[in-house]
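Starting off with a structure, shown below.
The values are calculated or read from the model by the stated rules, or taken from the named source; none is laboratory data. What you see is a predicted model; the values in this text were computed from it and never measured. Heads up, the Cβs are rebuilt from the backbone with ideal geometry, glycines too, and the neighbour counts pull from every protein chain shown.
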Amino acid sequence: MDLALVWNADDMAFDLGEITDGDFAKAPDLETAVLLSMHIHRRADDADILRDPKDRRGWWADGLDGDPNEHWGARIWQMLQRSATADAVKEAEAMIAEGLQWLIDDGVAGKITVTAEILPREGAAVDLGIAVDIRNSDDTGILSKKYTLAWEELQNAA
């Protein structure tokens, strides 16, 4: 078990889960792995078109294991710099799936399905709704969760 991380889409930040009986809330390891895999900013590929070509981001620990081709996290931050269109949503699904691929590569999961949709909010604001379904190799479900990212707030933060 890991400490429970709670994503606050309005503040664009994680926080630790509530303290009860003098102890932090706990969450299954897989939930923590999914949250971190989705929210760590994976380094932009050389072919990616960025608002600021010098802002390639990336996780500080990439390459520490000696494999220059292994990158952690998701490139979802790039999509959230763009307008919320159906094409951007499909690309966001692919980028999140890319960030979770290591779970399959390491034998933790057999299949991962990511679906996303634009969720309207008050005024012109929209969120990106993300559903992640992770299954074992025998197709039994091991995690099915929904997440929300505040699209325009991440656009403005870039």
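Looking only at segment 113-131, count every residue that is touching a Phe, Trp or Tyr at 6+ places or on another chain (Cβ under 7 Å) and hydrophobic (A, V, I, L, M, F, W, C) and tell me the total.
3
Has segment 31-43 got any residue that is over 13 Å from the mean Cα position of the chain (by Cα), closer than 26 Å to residue 115 by Cβ and free of Cβ contacts under 8 Å to residues at least 40 places away in the same chain?
Residues of segment 31-43 over 13 Å from the mean Cα position of the chain (by Cα): 43.
Subsequent filtering for residues that are closer than 26 Å to residue 115 by Cβ retains 43.
Going one step further and asking which of them are free of Cβ contacts under 8 Å to residues at least 40 places away in the same chain, we end up with 43.
Within segment 31-43, one or more residues are over 13 Å from the mean Cα position of the chain (by Cα), closer than 26 Å to residue 115 by Cβ and free of Cβ contacts under 8 Å to residues at least 40 places away in the same chain.
Further question on the same structure: So for segment 81-103 (the condition being in contact with a Leu (Cβ under 7 Å, 6 or more places away or on another chain), without any contact (Cβ under 8 Å) to a residue 60 or more places away in the chain and under 16 Å from residue 31 (Cα atoms)), does at least one residue qualify?
So far as segment 81-103 goes, no, none of its residues is in contact with a Leu (Cβ under 7 Å, 6 or more places away or on another chain), without any contact (Cβ under 8 Å) to a residue 60 or more places away in the chain and under 16 Å from residue 31 (Cα atoms).
If you don't mind, another one. Looking only at segment 23-38, filter to residues that are small (Gly, Ala, Ser) and modelled with pLDDT under 85; which one of those is farthest from residue 103 (Cα to Cα)?
First, the residues of segment 23-38 that are small (Gly, Ala, Ser): 25, 27, 33, 37.
With the extra rule that they be modelled with pLDDT under 85, the set shrinks to 25, 27.
Numbers: 25: 24, 27: 17 Å.
Per the stated criteria, the residue is 25.
Can you tell which of 71, 41 is in contact with a helix residue (DSSP H, G or I) (Cβ under 8 Å, 6 or more places away or on another chain) and not charged (D, E, K, R)? Walk me through it before giving the result.
Numbers: 71 fails: in contact with a helix residue (DSSP H, G or I) (Cβ under 8 Å, 6 or more places away or on another chain).
After applying the criteria, what remains is 41.
For (1) at pLDDT 90 or above; (2) among the charged types (D, E, K, R); (3) in contact with an Asp or Glu (Cβ under 7 Å, 6 or more places away or on another chain); (4) over 19 Å from residue 32 (Cα atoms), each residue gets a yes or a no:
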site	(1), (2), (3), (4)
51	no, yes, no, yes
65	no, yes, no, yes
79	no, no, yes, yes
100	yes, no, no, no
118	yes, no, no, yes
122	no, yes, no, yes
146	yes, yes, no, no
156	no, no, no, yes
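If I filter segment 98-108 for residues that are outside any helix (DSSP H, G or I), surrounded by fewer than 16 Cβ atoms within 10 Å (Cβ to Cβ) and β-branched (Val, Ile, Thr), do I get at least one hit?
no
Next question. Give me the residue from segment 112-149 that is surrounded by 13 or more Cβ atoms within 10 Å (Cβ to Cβ), charged (D, E, K, R) and farther than 20 Å from residue 80 by Cα and, out of that set, farthest from the chain's Cα centre (by Cα).
Checking each candidate, the answer is 135.
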